[in-house]
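Step one of this worksheet: look at the structure below.
The values are calculated or read from the model by the stated rules, or taken from the named source; none is laboratory data. The model shown is predicted, which means the values in this text are computed figures rather than measured ones. Positions of Cβ are generated from backbone atoms using ideal geometry, with glycine treated the same way; all protein chains shown enter the neighbour counts. What goes into the accessible areas is simple: the full protein's heavy atoms, side chains included, and nothing from ligands, DNA or RNA. Shrake-Rupley method; radii C 1.70, N 1.55, O 1.52, S 1.80 Å.
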Amino acid sequence: MPLDRKSISDLVSMPFDNIRVCADGAVLLVTLNRAAKRNALDRQFVEELHDLFHAVEGSEVRAVVVTADGDHFCAGLDLVEHHREDRSATDFMHICRRWHAAFDRIQHCGVPVIGALKGAVVGGGLELATAFHIRVADPSAYFALPEGQRGIFTGGGATVRVARLVGEGRMIDMMLTGRVYSGEEAVAVGLCQYLVDADACLSRAVEIAHRAAENPPLSNFAITSGIAHIGNMPSADAFFAEAFIAGITNTQEASKERLAAFANKTAPKTVKP
Ligand code: 1HE
């Protein structure tokens, strides 16, 4: 069966209630648009994220920017829906599996995903943001895992993705004490990579997406998925996988022109900023 390679316009025309999708060239701009509920993630919202990023995989899209309407990026799990539905343990376990599937789709969609973050990036909102590859925050952004205070636990991948970024000790502190990290602190502990003025946050994320989109797609696929997968392997297996990925990526047709440019002294150099 041939690969169902979606075009940018296929993606832009997908019907969603909680997400707006538009394109800037080959960069997809995804906006969470449930601002009245602070972009809290109910079941449908998680399914929409899953379906969108499933469609991104193998499509013509070269990078994605995720931003949000309103003052807050995402307030996490829809606590009102969760309370109203009075779920059983089994039901919630299955809901967590859907979150894992959706956020895995994001992390492993094959192209760089850049988040433009503001306001609350908390609980499941932080789980969503840590499935992105690069996070850009504005000064209003703050980061927390208030699950302990709510009498619940993370269920959207934080035990893997947040712990990996900040370390187990910091994550446990966040969950036990409700500690909130400012944008500056978040950069210091590795929760995000850029902190920029509020009016520059989205444009910086878009600029980063366009820059990353210039890399050959196979290189971006290796970077955005390979590093995370290799991180789960024992060293000997990791070195094997790295060599294998490099064997394919470093000999691809798309790299030949760039390497020739370097050899001919026409390529830009890597210099001190
Ligand atoms: C919500 C949610 C939500 C807002 N679920 N409806 N997440 C949290 O613990 C964060 C909970 N939310 C908050 O602390 C605050 O809402 C905010 C600091 C994010 C924003 O405050 P504010 O004053 O701007 O808004 P608000 O008045 O609190 O809320 C506005 C509306 O959004 C209101 O609905 P309305 O119908 O009364 O207008 C809120 O109910 C609604 N809203 N946040 C549902 N989270 C897979 S496990 C993941 C575990 C978690 O994610 S734990 C959740 C952590």
Which of the numbered conditions does SER235 fail, given that it passes all the others? Conditions: (1) under 24 Å from LEU165 (Cα atoms); (2) touching a Phe, Trp or Tyr at 6+ places or on another chain (Cβ under 9 Å). (2)
Exactly one of these conditions fails for LEU191: (1) in a helix (DSSP H, G or I); (2) open to solvent by less than 40 Å² (accessible area, probe 1.4 Å); (3) touching a strand residue (DSSP E or B) at 6+ places or on another chain (Cβ under 8 Å). Give me its number. (1)
Taking HIS83, is it of a type outside the set (Ser, Thr, Tyr), within 11 Å of the ligand (Cβ to nearest atom) and modelled with pLDDT of 95 or more? yes
Go through the stretch 149-169 and report how many residues are within 16 Å of the chain's Cα centre (by Cα), within 11 Å of the ligand (Cβ to nearest atom) and of a type in the set (Val, Ile, Thr). 1
Got a number for residues in the stretch 90-122 being touching a strand residue (DSSP E or B) at 6+ places or on another chain (Cβ under 6 Å) and within 11 Å of the ligand (Cβ to nearest atom)? 2
Under the condition of being in a strand (DSSP E or B) and under 25 Å from ARG211 (Cβ atoms), which residue from the stretch 35-73 is farthest from the ligand (Cβ to nearest atom)? ALA63
Is at least one residue of the stretch 15-33 under 20 Å from the mean Cα position of the chain (by Cα) and part of a helix (DSSP H, G or I)? no
Tell me which of these VAL136 doesn't satisfy, since it passes every other one: (1) open to solvent by 20 Å² or more (accessible area, probe 1.4 Å); (2) in contact with a helix residue (DSSP H, G or I) (Cβ under 7 Å, 6 or more places away or on another chain). (1)
Scan the stretch 217-224 and tell me whether some residue there is modelled with pLDDT of 95 or more and more than 28 Å from ALA163 (Cβ to Cβ). yes
Could you tell me which of the residues THR177, THR224, THR251, THR270 is at negative phi and surrounded by 13 or more Cβ atoms within 10 Å (Cβ to Cβ)? THR224
Criterion: at negative phi and within 15 Å of the ligand (Cβ to nearest atom) - qualifying residue of ALA186, ALA129: ALA129
Only one of these is within 28 Å of VAL187 (Cβ to Cβ), touching a Ser or Thr at 6+ places or on another chain (Cβ under 8 Å) and open to solvent by less than 80 Å² (accessible area, probe 1.4 Å): VAL46, VAL111. Name it. VAL111
Go through the stretch 214-243 and report how many residues are part of a loop (DSSP other than H, G, I, E, B) and in contact with a helix residue (DSSP H, G or I) (Cβ under 7 Å, 6 or more places away or on another chain). 2
